[in-house]
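Here is the structure we will look at.
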Amino acid sequence: MSRIFVAGASGAIGRPLVAMLVAAGHRVTGTSRSAAGAATITAAGADGVIVDVLDAVAVLDAMQWADPDVVIYQVTDLATRPGEELTDERLAANAHVRKVGSRNVVEATAAVEARRLIAQSIAWLYLPGPEPHTEDDPIAPPPPAVIAPTRQAVIDLERVTTTDPRFEGVVLRYGRLYGPGTWESEPDTPPTVHVEAAARAALLAVDRGEPGIYSIANDDGPVSNAKARQLLGWSPI
């Protein structure tokens with residue numbers, strides 16, 4: 001059994017992930033930005049705490065209290081009301097959370113001496129080239145290209161997670177989510193992955209796999225999941 005700290009535990013992936021972690025016997029602390037979200041986490045058998053990952057002091061305080069062996073970063077800022085479009089402002093806010101929130105979580109992970117940090121990324125930023133793409137294919141265009149802030153935030157998140165020597169850094173590049181709690185009930189534009197399969201990848205990464213990047217996506221799409229199958233023992237079904 002491990003002590004697990006899940007940032008973003010009331011989100012689309014966080015909810016099934018917390019249930020899986022608790023069922024596996026782990027002691028789980030999960031964060032939400034709202035009291036309602038924290039109550040949902042507590043009801044699932046974990047310790048729910050109200051934390052905004054943009055607040056570095058609050059993140060560190062919560063993590064020191066939880067004293068985790070493993071930290072899982074599943075925070076986004078993409079929630080919309082039914083029928084509401086995903087605006088440029090919302091995408092910019094999500095990029096800000098990815099960049100600043102991930103940095104705060106990285107520093108707190110190191111401060112509490114957790115052994116591993118698992119962070120959420122996305123699997124559809126590969127540059128044009130032969131498919132299926134592997135984790136070694138580039139997502140950053142070469143200079144002097146100007147990189148959009150949303151893409152740069154993903155690049156920064158992956159960099160700070162995988163290059164810090166103070167812990168084992170694992171990045172899970174998820175395909176576009178579908179299933180309960182997401183925008184889609186069925187697969188949309190590939191790469192795709194069911195939300196519960198995405199959560200299962202994070203569960204497996206607690207104890208399996210070498211540090212590095214893993215693509216978590218359905219079979220026969222533009223992104224290969226061979227590394228996750230081999231090293232995490234993950235499959236999309």
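What the table below lists for this structure:
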| quantity | calculated |
| --- | --- |
| First in region 135-149 and within 21 Å of L172 (Cα to Cα), second anywhere and among the hydroxyl-bearing types (S, T, Y) and in a loop (DSSP other than H, G, I, E, B), Cβ under 6 Å, 6 or more apart | D137/Y126; I139/Y126 |
| Residue pairs meeting the criteria (Cβ under 7 Å; at least 6 apart or on separate chains; first acidic (D, E), in region 160-186; second surrounded by fewer than 19 Cβ atoms within 10 Å (Cβ to Cβ) and part of a loop (DSSP other than H, G, I, E, B)) | E168/R115; E168/P211 |
| Residue within region 39-61 that is closer than 24 Å to W183 by Cβ, modelled with pLDDT under 95 and assigned to a loop (DSSP other than H, G, I, E, B) present | no |
| Within region 21-55, tally of residues that are within 15 Å of V70 (Cα to Cα) and out of contact with any strand residue (DSSP E or B) (no Cβ under 6 Å at 6 or more places or on another chain) | 2 |
| Filter pass, S32 being under 23 Å from A111 (Cα atoms), among the hydroxyl-bearing types (S, T, Y) and crowded, with 21+ Cβ neighbours inside 10 Å | yes |
| Meets criteria (surrounded by fewer than 15 Cβ atoms within 10 Å (Cβ to Cβ), of a type in the set (D, E, K, R), closer than 26 Å to D164 by Cα and touching a Leu at 6+ places or on another chain (Cβ under 9 Å)) for R208 | yes |
| Looking only at region 63-76, and only at residues there that are at pLDDT 95 or above and surrounded by fewer than 21 Cβ atoms within 10 Å (Cβ to Cβ), the one that is nearest to the chain's Cα centre (by Cα) | D69 |
| Residue that is farthest from the chain's Cα centre (by Cα), among those in region 134-192 that are in a helix (DSSP H, G or I) and among the β-branched types (V, I, T) | T150 |
| Condition check for R115: among the charged types (D, E, K, R) and crowded, with 22+ Cβ neighbours inside 10 Å | no |
| From the options T150, T161, residue that is touching a Leu at 6+ places or on another chain (Cβ under 8 Å), over 13 Å from A123 (Cβ atoms) and crowded, with 19+ Cβ neighbours inside 10 Å | T161 |
| Boolean, V105 is modelled with pLDDT of 95 or more and either touching a helix residue (DSSP H, G or I) at 6+ places or on another chain (Cβ under 7 Å) or more than 19 Å from I4 (Cα to Cα) (or both) | yes |
| Test: residue in region 216-234 that is surrounded by 17 or more Cβ atoms within 10 Å (Cβ to Cβ) and within 14 Å of the chain's Cα centre (by Cα) | yes |
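The values are calculated or read from the model by the stated rules, or taken from the named source; none is laboratory data. Just so it is clear, the structure is predicted and the values come from calculations on it, not from any experiment. Note that we place each Cβ from the backbone using ideal geometry, even for glycine, and neighbour counts take in every protein chain shown.
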